[in-house]
Amino acid sequence: MDFLMTTGRTIRQGSYVERKNTPSYRDEASCIRMNPVDMLELLVEEGDAVRVTGNGSSVVMRTKPDPMLPRGLVFVCLGPYANVLASPWTHGTGMPDFKTMPVSIEPTTDAPLPVSALMKECGGVPYED
Amino acid sequence: MTQGILIKNAYVIDPLSGIRGEVMDIAIRDGRIVEEAPPGSQVIDAGGCLTLPGGIDSHSHVCGTKVNFGRYMSPEDMRAGRTSRKGVMHVTSGYSVPTTFGNSYRYSTMGYTTVLEGAMAPLEARHTHEEFTATPHQDMLANTLFDGNWSVMEAVRDKDVKRAAAIVAWTLAAVRGFAIKLTNPGGTEAWGWGKDVANIHDPVPHFEVTPAEIISTMIQANEILRLPHSVHLHCNNLGVPGNFRTTLETMDLAPPAQGNRQTLYLTHVQFHSYGGTTWRDISSKSEDIARSLNSKPQVVIDMGQIMFGRTTTMTADGPMEFKLYMLHHNKWSNHDVELETGSGIIPVYYSRKSLVNCVMWAIGLELALLAKNPWQCLLSTDNPNGAPFVKYPEIIALLMSRRMRENERKEIDPRTEHYVPLFALERELDWYDIAVMTRAGQAKALGITRIGKGFLSPGAQADVAIYPLKPDQLDPSVDYQQVMAGFSRTLYTIKRGRVVARDGDVVVEGANSTIWTRSRVPPGYDMGSDPEFTKKFDQYYTVRLRNYPVQDVYLPRGVCIETEAAL
Amino acid sequence: MRIEDVVCPFCGCLCDDLVVSVEGTKVLSVENGCTLATEKFTGDHRLAHPIRRTGGSWEKTTYDVAIRETAEILLDAERPLLYGWSGTFVEAQTIGVHLAELLGAVIDNTSTVCHGPSIMAIQEVGHPGCTLGQVKNRADVIVYWGANPIEAHPRHMSRYTTFADGFFVKSAFRDRKVIVVDIRETDSSEIADEFVKVTPGGDYAVLSALRMIVRGKGELVPEKVSGVTREQLFRVANICLSARFGAIFFGLGLTMSRGKYKNIRNAIELTEELNRHTKFTISPMRGHWNVYGSNEVFTWITGYPYAVDFSRGIAFYNPGETTSVDILRRKECDACLVVASDPGAHFPRACAGHLASIPTVQIDPHVNATTHLSRIQIPVAVTGIDAEGTAYRMDGVPIRTRQLFSTDYPDDVAVLGRIYSLVKEAKG
């Protein structure tokens, strides 16, 4: 199903921002909030994994119902999960379209990767402390 | 540091020492002027060239919140003046609002060694001091804004001048400020509601004090504190046709001088000398202003000359900038500062084809030519409001040459002469007048001769400018192009006994001082423990009292002038 | 030990009224702070020592080696990018700019993916703003547009706006109207007197409609503009027009969405229009505690607030070209020094991928996403905890952060100063 993905800050994201290798950060940054009706249509429940695809990439996240979101709009806090799907084009402004990413979402049995594994996917070498 | 310099064959004009043009030697040791240079001193042959104390700008906007915002919002201005890294010189950008190093190098190569920042909001003082540190070739001073200070206005309302003095003393010491600045007193508070005050007797909303009361109280407070400088005032109604009446009334508030210096310094008076009722019938009232000035030795002014071309206006006078924006419709920034003051910025272009601009241009020159005593009318452009300071040499040339003024007359709006007396003025200023108007007068008005500024006799700070101008071989009236070129670029600029610039290039990294004042007050007048005063920080400021004062670390080479308050 | 009036180095609110209890080098408790402050002060996930990577494995190294190799990487680069800066203090940012100048590098700060578009708009039309105390003491109308302060700036409302009693606004919650404009409901919109829900990408049109009403051309406004009814637009415009002092705060909902800097320009022009009728100000909700400091320092040294390219000797600025995301997308830079930020987490993946393919060095107290992309990471003291220096609040008010205790970590000035010296020595 197609959605518009938007991003922003959450208090949890801010709280865990200085420990990005931890499961708590991963859980918040890979949490995708959706309208409950959209979740029904997707046949997913809270905490289920979904594969989100956009801009030629995909990333696994876990769903969370959020009745405050209108249908068709999903929210992910800013961070490395959302940015897998962000296009680097800036329309000559320096600023990517972080707030308006067209994505498609489908249920998956995969689990969200830790941040270090996400970075490995794009050429990094995980550092485990 | 024991390095010495001997400047030989210098054509010296040193008004404060009574030297009016004498070929002589100047000896420097350990940063001071001395009788005799130490053995092994560097010898500079001035070859009869004009040698003056280092230039002092007593009103310029170069550092701090609004200046930096002028840069921030103006990439077009940044592109208009850029230089690469060269030797010890950093990259610079900017024409009317250059980067800090740009300001510093350009001032230095023009022979300026001391600059007073015209407006510092106490709450944002730390910013000004950070930029001072990055302006390394001039000793810096900060006028500190009190025009809309709530605690001051309450003291004025209660007719408690001693309390006003105590508030000033605490604040100047806390923010490492130099002098009291009032910018459109009362008007900046009114601007918190989008309003202004109409004249010096128009009460400020809520506080119910008038600009006249603020000004008079602050003059008294200033004298109680025995501050080196007087109250430094940007009058109400800047830029408003007919504002000369406000200015004259304000000048009448200045009490007779007790000592050697003025009791009131009016800045950029050109902007305050307009007749007429609208922009259509604006005219010069420089004669009225000069007449008042000439009868009041207790008043000193600076010109606030405008020069044609592009510049950026910036002032704490927020309401004025909005009015100006309504005329220009270019871009407008505003920044009100809680409990203290305001500010605004807009870019402008002064055109020879605009009658209003031509009248403004004439008024500044007229003030300087009509003021009988050069010590009472100092050269300024209110940098960058009237023009960037790099235009000073051109202004000097205009003041020294009637021929140059006549040539300019042909270029400007032909109607100008009907609105201004400029072209009837025959006076041409001489080298001495210029020396007074660009350094000695500033040193005296600011009260910094006591720390050795503005003169060249033994004991003075060794701030010296040697210009490629030979006064005995030049007729400034005719050779005005040479005058202009000469004042644009020193042969040598020496600051605190060290050659800092040569032939237009800065040659050392630089390390300046910041000059500030502290008035000692009796314990009962220490506002730091006054319940009413500190309550402002608990309830209305968004910064805690303890985080407000500027720490010593921001003044790596601070010079404190201490006074004993008469409280 | 209880330390009062502590400055919080988290968000642009730069709250300076925290009370922090410390014992030795451990923070025991934080009073007055929000959750973010408490997490920041009590956090204990520091990188213990410098690390370096050769090929596919990480090893512990010394400061001497890490600093020397960093200097070598920068000296070896043809087009280095020095990115970040918002999470450190002004004195360190100053060294960064001079280092960029010396190297002929591009230097950019996190505004580039935050309020960069706001800066571009300000450069077109200016910025009528004020300090936050002006709002607290006077404002009777507050507008949050594309901002969610409860999540991003948790004390903004209680210190400066909705819940902050001021001199002329004795009972803030009662006397102040709050308008929230967003594309979705948030905790912030819940407490608004008026919530304006805009369809995504529709802010520009809504701003234009409001400007028309303020200008007296309301009859031209259609029944619905980007999901907002004409009736509500008139109601909002009238609330603004009848304010004694109105203050608009805007967030990334405007800077990142369609229209980008043009949205901000329109919002500023609305503010300017309103000033013809009453007093109105507008202010960006700056994110990092000292991102504004990086803009200030960049500006007084180079003339430009971000995205400064020294490669031609002079300072050159052209957002869209000299901005980090664009430089990384073009795979243009051949080395990157990241200071006090995390582009690995906050840049599009293609940009993170380029960082992994070039020698990237990170100076940061914590392991973050960028760590995994780097060759070297140098941990430093945390400003406001074990280091101190100047920060600029979102409204430009400069405050000195406080060092609560000292540790063995060098601060950013110490590390950057040594890199600068090595580069200067090599450059002669």
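Brief remarks follow.
- In this structure, the pairs whose alpha-carbon distance is over 29 Å, taken from C:LYS177/C:LYS217; C:LYS40/C:LYS177; B:LYS86/B:LYS391; C:LYS60/C:LYS424; C:LYS177/C:LYS260; C:LYS170/C:LYS279, are C:LYS40/C:LYS177.
- Label-to-label distance, nm, for residues given as B:ASN199 and A:ARG51 (7 Å Cα→Cβ offset): 8.1 nm
- Whether region C:116-284 is rounded, prolate or oblate, judged on the alpha carbon gyration tensor where a/c under 1.5 counts as rounded: rounded
- Considering only Cα atoms, the convex hull volume of region B:429-567 works out to 192 Å³ per residue.
- For region A:2-121, radius of gyration divided by Kirkwood radius, i.e. Rg to Rh on alpha-carbons: 0.94
- Net charge of neighbours whose Cβ lies under 13 Å from the Cβ of C:THR62, counting Lys and Arg as +1 and Asp and Glu as -1: 0
- Å³ per residue enclosed by the Cα convex hull of region C:137-229: 99 Å³
- Across peptide C:255-261, the average count of Cβ atoms from other chains found within 10 Å of a residue's Cβ is 6.
- Taking the inverse of the mean reciprocal distance over all distinct Cα pairs, the Kirkwood hydrodynamic radius of region B:324-464 comes to 17.4 Å.
- Estimated from helices alone, the mean residue ellipticity of chain A at 222 nm is -5500 deg cm²/dmol (sum of -39500 (n - 2.57) over DSSP H runs with n ≥ 4, per residue).
- Here the spin labels are modelled as points 7 Å beyond Cα on the Cα-Cβ line, and at B:ARG427 and C:SER21 they lie 7.2 nm apart.
- Taking 20 Å as the straight-line reach from the Cα of A:LYS64, the lysines in range (excluding those fewer than 8 positions away in the same chain) are A:LYS99.
- For chain C, Kirkwood radius (reciprocal of mean inverse C-alpha pair distance, Å): 22.6 Å
- The mean number of Cβ atoms from other chains found within 10 Å of a Cβ in peptide C:40-48 is 3, as a whole number.
- Stokes-Einstein translational diffusion, chain B - Kirkwood Rh over all Cα pairs, 1.567 mPa s, 4 °C, in µm²/s: 55 µm²/s
- Remark: spin-label model distance B:LEU327-B:ASP25 equals 5.5 nm, labels positioned 7 Å along the Cα→Cβ axis.
- Tensor-based shape of region B:188-280 (alpha-carbon gyration tensor, a/c under 1.5 rounded, otherwise prolate or oblate): oblate
- Point-charge dipole on Cβ atoms (K/R +1, D/E -1) for region B:1-157, about Cα centre, debye to 20: 520 debye
- Only Lys, Arg, Asp and Glu carry charge here, each on its Cβ (+1 for the first two, -1 for the last two); on that basis region A:2-121 has a dipole of about 440 debye about its Cα centre.
- The Cα atoms of the protein assembly as shown define a convex hull whose projected area, averaged across directions, is 42.2 nm².
- Rounded to 0.05, the FRET efficiency of the B:ARG403 and C:THR35 pair, given R0 = 56 Å and the Cβ-Cβ distance, is 0.15.
- Cβ-derived FRET efficiency at R0 41 Å, C:THR229 paired with C:ASP165, nearest 0.05: 0.75
- Lys-Lys pairs in region B:417-548 that are eight or more residues apart or on separate chains and whose Cα atoms lie under 28 Å of each other come to 6.
- Once the convex hull of all Cα atoms in region C:38-189 is built, its volume per residue stands at 208 Å³.
- Quotient of the Cα radius of gyration of region B:30-104 and 2.2 N^0.38 Å, N being its number of residues: 1.59.
- The equivalent ellipsoid that matches the C-alpha gyration tensor of region B:1-152 spans semi-axes of 34, 20, 14 angstrom, in descending order.
- Count Lys and Arg as plus one, Asp and Glu as minus one, and take only other residues whose Cβ is under 11 Å from that of C:ILE327; the net charge is then -2.
- Estimated vicinal HN-Hα couplings, Hz - region B:550-559 in sequence order (Karplus 6.51, -1.76, 1.60; Gly, Pro = x): 7, 6, 4, 4, 7, 10, x, 10, x, 10
- Estimated from the Cβ-Cβ distance and a Förster radius of 60 angstrom, the FRET efficiency linking C:THR54 and C:GLU4 is about 0.80.
- Backbone N atoms of region C:397-416 closer than 14 Å to the 7 Å Cα→Cβ label point of C:LEU75 are not found in any residue.
- Averaged over peptide C:322-333, the number of partner chain Cβ atoms lying within 10 Å of each residue's Cβ comes to 3.
- Sorting C:ARG159, B:ARG32, B:ARG496 on solvent-accessible area from highest to lowest, probe radius 1.4 Å, gives B:ARG32, B:ARG496, C:ARG159.
- Summed over the residues of the protein assembly as shown and divided among them, the accessible surface reaches 31 Å² per residue at a probe radius of 1.4 Å.
- Checking the Cα-Cα distances for B:LYS8/B:LYS372; B:LYS181/B:LYS296; A:LYS20/A:LYS120; A:LYS120/C:LYS331 against a 22 Å cut-off, the pairs over it are B:LYS8/B:LYS372.
- Heavy-atom SASA rank of C:GLU39, A:GLU46 (probe 1.4 Å, accessible area, largest first): A:GLU46, C:GLU39
- Candidate residues B:GLU287, C:GLU321: accessible-area rank, largest first, probe 1.4 Å: B:GLU287, C:GLU321
- Peptides C:270-276, B:441-447 ranked from most to least packed give B:441-447, C:270-276, packing being the mean of other C-beta atoms within 10 angstrom over each peptide's residues.
The values are calculated or read from the model by the stated rules, or taken from the named source; none is laboratory data. Keep in mind the model is a prediction, meaning the values are calculated, not measured. Methodologically, a virtual Cβ is constructed for each residue, glycine included, from the backbone with ideal geometry; neighbour enumeration extends over all protein chains shown. Heavy atoms of the whole protein, side chains included, go into the accessibility calculation; ligands, DNA and RNA do not. Shrake-Rupley method; radii C 1.70, N 1.55, O 1.52, S 1.80 Å.
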